[in-house]
Ligand SMILES: Nc1ncnc2c1ncn2[C@@H]1O[C@H](COP(=O)(O)OP(=O)(O)OP(=O)(O)O)[C@@H](O)[C@H]1O
Ligand SMILES: [Mg+2]
């Protein structure tokens, strides 16, 4: 299990992180969301040891994270980087070796990944000759080549076409299924909703909401949506706070059974359910609070 | 994980970085082409004396009474091949046919269109010695007595100022050492800075630093480019010596050339450690390739000054300025091996220069590594040196 505990970091007068904590269990996919400049990249860089925190610590399996363990992590930085004039295959294998693999292991793993990512034909091409999306795939291969124990990915989906998004999503799910904790940041909240077991929302250097996707949704549930096949206006009859949303009634703070009884008496009830907010709505709610 | 394993993986990281530099830069088309071109030039230069052939033994024809004595004289001088002809006409014919360069017969010097001053002087003095020998024999001295009468010691040279110029060949040895040292520092230093900026501008350094320490990244780069330079040098020297040996000119190299070349490699290693790590350090101050030139200027200036200093020193090797120049780092890296090639340098001066240069290299290692560590992740406009040093790692 990877735990990020109470990180604080300032850049001059800017407070980038003000006591950020989050954790990922083995096999858990954690979505890290927040507005631009909220501190996601800073937190992930500190977790990867690229940046030093002012205070706080990173704990892995109960002990402070060391350099050797970190070498078995996979990282994709938000600002992508590859050697432009190095061959795709050589480059991926080089990173495998840097992460402690033997040359032969690194080569084998590189071939497998290129196959998975549909890049086998480009193995001998210089990275600068690939399209941007394909460079992204190579970047993913670089972060996966050593079969990492933990994945920390900063906006892995930005710049990908829908097919590549699927490839990337599948890759993340596979690693998680193999027992790796996975943390990734993203602004594409539909993807976060689809892929993540839990979500952490950061705003201005502080965690403002976190929990499993169901928990967060349940916590935000407030409105009962009722649709009745009738010409009558039920606004005055229904209990609690009632609003209209087109044909629908949105009811808040009332006994749902009583609402159902009144609605059924007025006509045929075609829709009766609590609105499930999307993660995007939860996010908007959280950051504007 | 045990200390030994950790140590091993640290060295492995360093070597992986160095290995990548060697593969990617050493085998790059630019490097391979420039190496082939240099090797061909060196080969041609080394073969030149044999092609022109002005350096081989001079062929001289002899005839007449003094011929045997002349032959003995010229043999003693060395580097002359003599042929004795039956008479003056035969010798003259040999000159006309180009069999010999010049011929001496019965007090006459035959040649196609005159001989150079050196040959003239040698033949003159051989003729005189042979004539004196003949006169002495005519006066009734036995050959032993006449040899005793003629026995002289050649002049012993005593220089008043310590360590004068040894010879023209030493001058050229010094010139070659200074040029090669200059090139062997200039090229890799620029490549190191460019490589650092490339990793920074492409942002790949952020991934590299998750599995490598800054010192491994910088050290590996410096080692890798050092190895490439050494390989290039070894290729040049091997081709040069090989061609010289193949054309039979190897023994005409000045004495001590081999040892001067070897000690130069030692000086190069220390100077390269100094300039290489500094280049990496200042390279990390900028984020764009276009800015690399401006931060490298001080390094390139000191290298150029060292080279110009070496050229000055070749022409005034015993001056006080030359003495100082060859002791003060970083100039001593190029100037001292040059000075050592051209003149005898007191051991204490060599030791002092080496000590100072090594101390400067250690300082440069610390400074370069600190600069690199602090600024390699910083992007944006160029960092000032003082800002970089103030930054927390
Ligand atoms: N190297 C730096 N120097 C100075 N300030 C920085 C540096 N890195 C980040 N910051 C500041 O720290 C804050 C958090 O930035 P960070 O990059 O972590 O945000 P983010 O959540 O990743 O944003 P985005 O969604 O735009 O990627 C911002 O105010 C940013 O300006
Ligand atoms: Mg970011």
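The values are calculated or read from the model by the stated rules, or taken from the named source; none is laboratory data. Quantities reported herein were computed from a predicted structural model and do not represent experimental measurements. Cβ atoms come from the backbone with ideal geometry, glycine included; neighbour counts cover every protein chain shown.
Out of B:347, B:369, B:358, I need the residue that is within 30 Å of residue A:12 (Cα to Cα) and either touching a residue at least 12 places away in the same chain (Cβ under 8 Å) or more than 16 Å from the chain's Cα centre (by Cα) (or both). Which one?
B:369
Check whether at least one residue in the stretch B:302-320 is assigned by TED's automatic domain parsing to the domain that holds residue B:201 and under 16 Å from residue B:193 (Cα atoms), and report yes or no. The answer is yes; a qualifying residue exists.
Helices (runs of 4 or more DSSP H) fully within the stretch A:1-101 that include at least 2 residues being without any contact (Cβ under 8 Å) to a residue 24 or more places away in the chain and closer than 19 Å to residue B:217 by Cβ: A:67-70, A:88-98.
Restricting the search to helices (runs of 4 or more DSSP H) fully inside the stretch A:139-244 and requiring at least 2 residues that are within 16 Å of ligand 2 (Cβ to nearest atom) and touching a strand residue (DSSP E or B) at 6+ places or on another chain (Cβ under 9 Å) gives A:189-195.
Determine, yes or no, whether residue B:313 is crowded, with 23+ Cβ neighbours inside 10 Å and either under 17 Å from the mean Cα position of the chain (by Cα) or at negative phi (or both). Give the steps one after another, and end with the answer.
Details: crowded, with 23+ Cβ neighbours inside 10 Å: yes; either under 17 Å from the mean Cα position of the chain (by Cα) or at negative phi (or both): yes.
So residue B:313 passes the test.
For residue A:96, indicate whether it is more than 16 Å from ligand 2 (Cβ to nearest atom), crowded, with 20+ Cβ neighbours inside 10 Å and under 26 Å from residue A:30 (Cα atoms). Write out each step before concluding.
Working: more than 16 Å from ligand 2 (Cβ to nearest atom): yes; crowded, with 20+ Cβ neighbours inside 10 Å: yes; under 26 Å from residue A:30 (Cα atoms): yes.
It is true that residue A:96 is more than 16 Å from ligand 2 (Cβ to nearest atom), crowded, with 20+ Cβ neighbours inside 10 Å and under 26 Å from residue A:30 (Cα atoms).
For the stretch A:79-93, the condition of being more than 11 Å from every other protein chain (Cβ to nearest Cβ) and within 16 Å of ligand 2 (Cβ to nearest atom) holds for none of the residues. Quick one: in the stretch A:25-50, which of the residues that are within 9 Å of ligand 1 (Cβ to nearest atom) and within 21 Å of residue A:68 (Cα to Cα) is farthest from the other protein chains (Cβ to nearest Cβ)? For the stretch A:25-50, the residue satisfying everything is A:43.
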